[in-house]
1. Looking at this structure, is residue 27 surrounded by 10 or more Cβ atoms within 10 Å (Cβ to Cβ), more than 19 Å from residue 96 (Cα to Cα) and either of a type in the set (Phe, Trp, Tyr) or in contact (Cβ under 8 Å) with a residue 12 or more places away in the chain (or both)?
2. Say whether the condition of being over 15 Å from residue 105 (Cα atoms), surrounded by 11 or more Cβ atoms within 10 Å (Cβ to Cβ) and modelled with pLDDT of 95 or more is met by at least one residue in the stretch 62-70.
3. Kindly check whether there is at least one residue in the stretch 80-102 that is of a type in the set (Phe, Trp, Tyr) and either touching a helix residue (DSSP H, G or I) at 6+ places or on another chain (Cβ under 8 Å) or surrounded by 10 or more Cβ atoms within 10 Å (Cβ to Cβ) (or both).
4. Based on this model, can you work out whether residue 59 counts as loosely packed, with under 15 Cβ neighbours inside 10 Å, modelled with pLDDT of 95 or more, touching a strand residue (DSSP E or B) at 6+ places or on another chain (Cβ under 7 Å) and small (Gly, Ala, Ser)?
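The values are calculated or read from the model by the stated rules, or taken from the named source; none is laboratory data. Not measured: the values here are computed from a predicted model. Methodologically, a virtual Cβ is constructed for each residue, glycine included, from the backbone with ideal geometry; neighbour enumeration extends over all protein chains shown.
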Amino acid sequence: MSRTVNRVILVGNTGSEPDLRETANGTAVAHVSLATNRLFRRNGETQERTDWHRLTFWGRAAETIEKFVGKGHRMYVEGHLEYGSFDRDGVAIPTVDVVVENFVMLDPRVEPSEEPALAV
């Protein structure tokens, strides 16, 4: 059998608060959107496009993401693509998720109790 690769590396900003849930067997799963920007040239002009990615975190990673990451935070993620679909009014809507295997929070959330005091 030949070797294949399904690997994704992204660096971007979260576009939503994490959505943490539990599966029927009690495993934590969290979803969050991540925006990445890319530049390209069209008709001699440089343009920018934002691509949105749905990230899926499992287990302790899901709990960590829910606790420390919020909308607008910068993240580095590594994982693989997983394709699926859901039914909407009898029509199959395709989906693609980045199942995150490794991540680095580049801009972790500061908890209210940890905010530095301001001198007045």
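1. It is true that residue 27 is surrounded by 10 or more Cβ atoms within 10 Å (Cβ to Cβ), more than 19 Å from residue 96 (Cα to Cα) and either of a type in the set (Phe, Trp, Tyr) or in contact (Cβ under 8 Å) with a residue 12 or more places away in the chain (or both).
2. no
3. no
4. Yes: the conditions hold for residue 59.
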